[in-house]
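Working notes, beginning with the structure itself.
Read-outs: derived from the displayed coordinates by stated rules, not from any lab. Because the structure is predicted, anything quoted here is derived from the model rather than measured. Virtual Cβ from ideal backbone geometry, glycine too; neighbours counted across all protein chains shown.
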């Protein structure tokens, strides 16, 4: 039995952030009912992150909405209010990420729902919170990354601010919302009350930066200084970074510079005996190391460093990772069959409980496919 079996979630959300939260709840056993517009459905159906289409919808839509039921409802139509109430009466949890003000205009804001369904756990994701001068701004991943300072942590010192290559604001906000909903379910089991769980994308990105942001808050607001050579973290000393080798790349984390110099036979590093210089002369040290590592292959350097318990690794492409025994052992993939019979491969739930990997072949729903089950009496 999965831990959330018996829990019903109404998913009014679109795009990526909140649907990623409801996907995780579905992975853990909840019955998730995706509510979409009757005509075009979730905008994510046509949000193409590549030229990959699965049947008539984007691969992103299929991957983020797998394992859900689907109903169609025109929330703007007063005639659909009875159907909406039918759905709300089934729900333990409902999730929204409407643009600012939309939920209230639809009569689906927390106050309205809580008045008639006080035990529902209401989950909401916004871009920048529900109050303040930014609350009316639309939440979009690249914009949130840019405003949060995150982009100034990536790339080398001479490079412009660089966003991460993933929608991290969306995905972290989604996981934080799922965590909050799970906590609210525990609270409801204890006292019988629903809750309003709110997550903003900006707060989630600030939380994911807690390590480096806390340093900035407490060291006189000294800005993080990205390394000019192979930057990987604005605060961590040399040799932390990814280096080119004769045939590829190697990642080296934390190791005393003098020890590293001995292991890779780089005499020039022996001069840096004072640990303070590993910070103050970080780029100088990394430049020496970068030039030296070009003289050998990745496998050669790993053969010297790994037996000495130095934290280091090869730098894989997805193709190389896919072929490794380590990745295969994780059993990280699952096959989903769409309503039209097309099979595609995606990742499974990364959470293992009591040794069980949670997988499901259930696909993303077609628009309104389950109306007969939930709305037609």
Calculated from the structure, P(r) over Cα pairs in 20 Å bins from 0, in percent equals which of (i) 27, 59, 14, 0; (ii) 30, 60, 10, 0; (iii) 24, 47, 25, 4, 0? (iii)
What length, rounded to one decimal in nm, is gained on full extension from residue 291 through to residue 198, with 0.36 nm per residue of separation minus their alpha-carbon distance? 28.6 nm
Just subtract the alpha-carbon distance of residue 140 and residue 102 from 0.36 nm times their residue separation and send over the number in nm, one decimal. 12.0 nm
Cα long-axis angle, helix 17-27 against the chain (0 to 90 degrees, to the nearest 10): 80
Residue 111 and residue 267 label points (each 7 Å along its Cα→Cβ direction) are spaced in nm at 7.7
With -39,500 (n - 2.57) per DSSP H segment of 4 or more residues and division by the full residue count of the chain, the 222 nm estimate, nearest 500 deg cm²/dmol, is -9500 deg cm²/dmol
Would you compute, for the Cα atoms of the range 106-163, the largest minus smallest coordinate along each principal axis and list the three values in descending order, in whole Å? 57, 22, 16
Using the basic label-point model (7 angstrom from Cα toward the beta carbon), what is the residue 371 to residue 323 distance in nanometres? 5.0
Note down the nm distance, to one decimal, between modelled labels 7 Å out along Cα→Cβ at residue 5 and at residue 233. 4.2
Using 0.36 nm times the number of residues separating residue 300 and residue 48, minus their current alpha carbon distance, what extension gain do you get? 86.6 nm
With springs only between Cα atoms under 10 Å apart, run a GNM on the chain and tell me which of 124, 211, 356 wobbles the most. 356
Could you check which residue among 326, 155, 70 shows the biggest mean-square fluctuation in a GNM of the chain with a 10 Å Cα cutoff? 326
Mean Cβ neighbour count within 10 Å, used as a protection proxy, ranking 266-273, 57-64 highest first: 57-64, 266-273
